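Data block below; observations after.
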Amino acid sequence: QKEVEQDPGPLSVPEGAIVSLNCTYSNSAFQYFMWYRQYSRKGPELLMYTYSSGNKEDGRFTAQVDKSSKYISLFIRDSQPSDSATYLCAMSGTASKLTFGTGTRLQVTL
Amino acid sequence: GAVVSQHPSWVICKSGTSVKIECRSLDFQATTMFWYRQFPKQSLMLMATSNEGSKATYEQGVEKDKFLINHASLTLSTLTVTSAHPEDSSFYICSAPDRNDEQYFGPGTRLTVT
């Protein structure tokens, strides 16, 4: 079993839809949770960083962490074609060493 | 957010030669940097942790004599792929945590070995 599970998609939604991306994990030592966006042949871009259970909002993005269920989510409101990318969840314990999910490929259509 | 750069962005080399990739933190100091490899349509796989002033720590299965890492200063880490072979062709990405432990990634280096 992988430490971090993420559905690879692809996920296709119409413009303006709410997108829900999810990851589950098995390692209780993970304390820090991140979401990255990666465009093709580019480095990952940090979207959200959180270390506590609950919700964190930044513009159209909301990150949700449920440590009791070992489940994290990223919601994208009013999705745009420019949001089309691969979204990677990542998590770490205390040493900055990240463990990534496989990434979910998102396509937002006009 | 913080900025991490990589050079070159794309390199083609012949089998058997060595290639050096640079990773720089532009507006912050990083005592630790990380090197990842990413194959097409796959996630990032951590190769090694680069530590300023000391030896790098390699992940299981990564050959330290093939992937030489030097963390020369608080803003520069280099990865040298020695005696490159076609199977080393991949996308190499570095990252560095800032003082808030938020990790920022470079734009990546695409290596093609012919």
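The values are calculated or read from the model by the stated rules, or taken from the named source; none is laboratory data. Since this is a predicted model, take the numbers as computed values, not measurements. Cβ: placed from backbone, ideal geometry, glycine included. Neighbour counts: every protein chain shown.
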Practice task
Go over the candidates A:Y36, A:Y71, A:Y25, A:Y32 one by one and state the one that is farther than 23 Å from B:A96 by Cβ and touching a Gly at 6+ places or on another chain (Cβ under 9 Å).
Solution key: A:Y25
Practice task
Could you tell me whether A:K56 is closer than 22 Å to B:V4 by Cα and free of Cβ contacts under 8 Å to residues at least 12 places away in the same chain?
Solution key: no
Exercise for the section: Inspect all residues belonging to region B:17-24 and state whether any of them is at pLDDT 95 or above and of a type in the set (A, V, I, L, M). Expected result: yes
Exercise for the section: Sort out which residues of region A:14-42 are at the interface with chain B (Cβ under 10 Å from one of its Cβ atoms), touching a Leu at 6+ places or on another chain (Cβ under 6 Å) and of a type in the set (D, E, K, R), and write them in order of number. Expected result: none
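Table: residues versus (1) of a type in the set (D, E); (2) within 22 Å of A:L47 (Cα to Cα); (3) assigned to a strand (DSSP E or B).
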site	(1), (2), (3)
B:G1	no, yes, no
B:K20	no, no, yes
B:R24	no, yes, yes
B:W35	no, yes, yes
B:L68	no, no, yes
B:A72	no, no, yes
B:E87	yes, no, no
B:Y92	no, yes, yes
Problem - Number of the exception - B:K64 against (1) at pLDDT below 95; (2) loosely packed, with under 13 Cβ neighbours inside 10 Å; (3) among the charged types (D, E, K, R) - result: (2)
Fill in the blank from the handout: Reported set for region A:4-23 where residues are exposed (fewer than 14 other Cβ atoms within 10 Å of the Cβ) and at pLDDT below 95 is A:P10
